[in-house]
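Structure first, commentary second.
The values are calculated or read from the model by the stated rules, or taken from the named source; none is laboratory data. Computed from a predicted structure; not experimentally measured. Counting neighbours? That spans all protein chains shown, and the Cβs are built from the backbone with ideal geometry, glycine included. Please note that ligands, DNA and RNA were not included when accessible areas were found on the heavy atoms of the full protein model with its side chains. Shrake-Rupley method; radii C 1.70, N 1.55, O 1.52, S 1.80 Å.
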Amino acid sequence: MQREREFAEKLEQILPPRLVDFLKRAGEKAAERNEQAYIVGGVVRDLLLCIDNFDIDITVEGNAVALARELSRSAFDRITVHKQFNTATIKFDQWNIDFVTARSEIYEYPGALPKITPASLEEDLKRRDFTINAMAIGLSGKNYGELYDPCNGKTDLQSRNIRILHEKSFVDDSTRIWRGLRYEQRLGFQMEQRTLELLIRDIPMLDTVSGERIRYEIECILKEKYPERVFSRAFRLGVLGSLNTFIKFDTRKEEWFLRAREMNCPNVPSDLLYWLLFTYELDMENREKLIARLHLPKQIAQALRDCHAIKERLEMLAAPDITNSQIYRLLCAYSPSAIIANIIAVEEDESRKALNLYIEKLKNVKAIISGSDLLKMGFEQGPQLKELLDAVLDARLNGKALTKEDEIAIVKKMLAG
Ligand code: ATP
């Protein structure tokens, strides 16, 4: 394997000193156990690009869980062992450091989860997704600060290429298609030519992967600084079509994403808002298909349904003589995120005005009198009570009832009527 020793300095320049101390300690402890520890993957890629990334993955030629246990014992750091995967995470200061035993992977059929066996560092690096993610830096003994780069990732970093490691890579695991687009757009790199050809050829392989795994990749994209760039590229290449043939991603949608960020709505999680804009043009049938394919969690699924229900009410919301209470009744059953998605996406000014009025004002309007006030006045529990309260709220929404006495007068008038 090709090695370079210049990275000890880089580690110390870029990572915080306490983290470097921890890594040295991990390396020394591994050496005492006659094992080798390395930092690998994204952190090495970002170290070489001088990008801050403190998400540390440590690969161990040996027993990663035993090493992590020993380390945590000596320094009282918090450790979590994931028995199912035979990995461990140490929480050290604000960092989570993952320990994994070096392994090789065999895919028995496209989309299968790989069969894992312990292996050398080199084999471990050669099972990875892209050359730029297949580098390691040694932490133990005389290997400290050495770069291990069996797939020439450093050259691809310099030429800004995203390149897979072998021709069957996307067939083995087609989630790498989404991963590749994410790195390409995040780093401003380009797909290497042959990788691009294979990516396009293997798009149908995405059908072999479970919904959860695809959803995980989409969620990772939604956490990027500019998710719209990834989706736009995925649309142009035909990758988005594998998710649902009716989803489009044009410049208009890119602008929606931008606007969603600018609005920075409190209480509306940005990834939820992105999901709604991402799928905005889908009809109900295709929304349900997508919800089922990706096993979307309840909250997202419900917001997707709400968003569609509101879309169907846009015309009514644009009626010239619509009252505030009518706007309220049309929208009060739906989540704020679904309303905001419509505010961003709707083209028609009058509907947008009504949606804005609801979100900024009507949503928070409350009657002064409550159910218990009415009970005290001698009314009985039941549907009539709700009707009376609704009537009071409607009057308040339409600007009629101002004081508690006004509201009581409305109740009395209704009863007399
Ligand atoms: P990010 O900066 O987005 O967190 P990362 O490179 O740290 O990127 P992770 O998803 O944390 O990515 O994965 C860690 C490493 O594991 C990757 O750098 C890559 O080497 C490897 N890896 C992850 N997913 C795959 C995959 N589907 N196929 C092969 N290797 C993978």
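When the P(r) is computed for the stretch 79-234, the part past 24 Å accounts for 41% of the Cα-Cα pairs. Here is the size of the stretch 160-269 from its Cα atoms: Rg then Dmax, 14.3, 46 Å. Cut-off 10 angstrom, C-alpha nodes, Gaussian network model of the chain. Which of Thr89, Thr403, Thr59 fluctuates the most? In this elastic network of the chain, the residue with the biggest mean-square fluctuation among Thr89, Thr403, Thr59 is Thr403. Restriction of the GluC sites (Glu not before Pro) in the stretch 69-174 to DSSP coil positions whose beta-carbon has at most 11 other beta-carbons within 10 angstrom yields Glu108.
Dividing the helix sum by the residues of the chain, where each DSSP H run of 4 or more adds -39500 (n - 2.57), gives a mean residue ellipticity at 222 nm of -16000 deg cm²/dmol. As a calculated quantity, the FRET efficiency between Asn34 and Met263 at R0 = 56 Å, using C-beta atoms, amounts to about 0.50.
Figure the gain on full extension for Thr89 and Thr245 (residue separation times 0.36 nm, minus the Cα-Cα span) and round it to one decimal in nm.
52.2 nm
The C-alpha atoms of the stretch 1-64 occupy a region whose extents along the principal axes are 32, 29, 19 Å, arranged from largest to smallest.
For the chain, taking the reciprocal of the average inverse distance between every pair of different Cα atoms yields a Kirkwood hydrodynamic radius of 25.2 Å. Annotation for Gln158 and Lys10: the two label points, set 7 Å from Cα along the Cα-Cβ direction, are 1.2 nm apart.
The calculated P(r) of the stretch 206-245, using every Cα pair and 10 Å bins from 0, goes 29, 58, 13 in percent. Estimated at 0.36 nm per residue, the fully extended path between Glu360 and Glu285 surpasses their Cα-Cα distance by 23.9 nm.
Please report the spacing between the Cα centers of the stretch 266-281 and the stretch 130-146 in Å, no decimals. Centre-to-centre distance over Cα atoms comes out at 39 Å. An ellipsoid equivalent to the stretch 298-362, defined through the eigenvalues of its Cα gyration tensor, has semi-axes of 19, 12, 10 Å when rounded to whole angstrom and sorted largest first. Looking at the stretch 4-36, the GluC sites (Glu not before Pro) that sit in a DSSP loop and have at most 13 other Cβ atoms within 10 Å of their own Cβ are Glu6. Among the GluC sites (Glu not before Pro) within the stretch 314-389, those in coil by DSSP and having at most 15 neighbouring Cβ atoms inside 10 Å are Glu347, Glu348, Glu380. The modelled label-to-label distance for the pair Ser370/Arg25, using points 7 Å beyond Cα in the direction of Cβ, is 5.3 nm. For the stretch 1-159, what is the percent of antiparallel DSSP beta bridges, rounded to the nearest 5? About 85 percent, rounded to the nearest 5. With Cα atoms as the point set, the stretch 230-315 shows a radius of gyration and Dmax of 12.8, 35 Å. Full extension of the segment from Asn96 to Arg236, taken as 0.36 nm per residue of separation minus the current Cα-Cα distance, would add 46.7 nm.
Note on Glu197 and Ala409: the model spin-label points, each 7 Å out from Cα along the C-beta direction, lie 8.3 nm apart. Please work out the FRET efficiency for the pair Ala319 and Arg213, using the Cβ-Cβ distance as r and a Förster radius of 45 Å; give the result to the nearest 0.05. Calculated transfer efficiency: 0.50. Residues in the chain average 49 Å² of solvent-accessible surface per residue, probe 1.4 Å, ligands and nucleic acids excluded. Overall, the ratio between the Cα radius of gyration of the stretch 66-159 and 2.2 N^0.38 Å, rounded to two decimals, is 1.25. Rg over Rh for the stretch 1-159 works out to 0.95, using Cα positions for both radii and the Kirkwood form for Rh.
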